[in-house]
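Comments concern the structure below.
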Amino acid sequence: MTAEPFRYTGAARIDGVHFSGVRLAGQSSGDGGSWSGSVSFETEPPGFTEHVGANGVSLIRLADGREGRAVVNASYAGRYWTLTITGTGPLPA
């Protein structure tokens, strides 16, 4: 029996800053495999520039309480910010 691949779409806190529409995906949950994701937004949420990624590795806390650690890189393209999320350990659990 094969475990279902990890998938999450919804709200999450990244380094304590709330984001909606976060998309995460990864390998099967059985092996704690690699994972990644992204979130895009137009208006910077409070605390974004001060907190997100400030410590190198960010704490990702999903709305259902699961947590994981990731490197988060921000980019700005004219009107929208995009955060690219690369898991550094096990899938959020």
> Among all residue pairs at least 6 apart or on different chains, which show Cβ distances below 8 Å where the first residue, located in the range 70-93, is in contact (Cβ under 8 Å) with a residue 12 or more places away in the chain and over 18 Å from Glu50 (Cα atoms) and the second is open to solvent by 80 Å² or more (accessible area, probe 1.4 Å) and among the basic types (Lys, Arg)?
Replying inline: Gly87/Arg69; Thr88/Arg69; Gly89/Arg69
>> Take the residues in the range 55-78 that are in contact with a Lys or Arg (Cβ under 9 Å, 6 or more places away or on another chain) and of a type in the set (Val, Ile, Thr); name whichever of them is surrounded by the most Cβ atoms within 10 Å (Cβ to Cβ).
In response: Ile60
> Can you name the residue in the range 51-93 that is of a type in the set (A, V, I, L, M, F, W, C) and not in a strand (DSSP E or B) and, of all such residues, is nearest to Gly16 (Cα to Cα)?
Replying inline: Val52
> Hey, among Gly32, Gly10, which residue is out of contact with any helix residue (DSSP H, G or I) (no Cβ under 6 Å at 6 or more places or on another chain), modelled with pLDDT under 95 and open to solvent by less than 70 Å² (accessible area, probe 1.4 Å)?
Replying inline: Gly32
> Pairs under 8 Å by beta carbon, first residue over 16 Å from Asn73 (Cα atoms) in the range 12-27, partner open to solvent by 80 Å² or more (accessible area, probe 1.4 Å) and hydroxyl-bearing (Ser, Thr, Tyr), six or more apart or different chains?
Replying inline: Gly21/Thr9
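The values are calculated or read from the model by the stated rules, or taken from the named source; none is laboratory data. Here the structure is a predicted model, which is why all the values come from computation and not from measurement. Ideal geometry is used to build each Cβ from the backbone, glycine not excepted, and the neighbour counts take in all protein chains shown. With ligands, DNA and RNA removed, areas are computed over all heavy atoms of the protein, side chains included. Shrake-Rupley method; radii C 1.70, N 1.55, O 1.52, S 1.80 Å.
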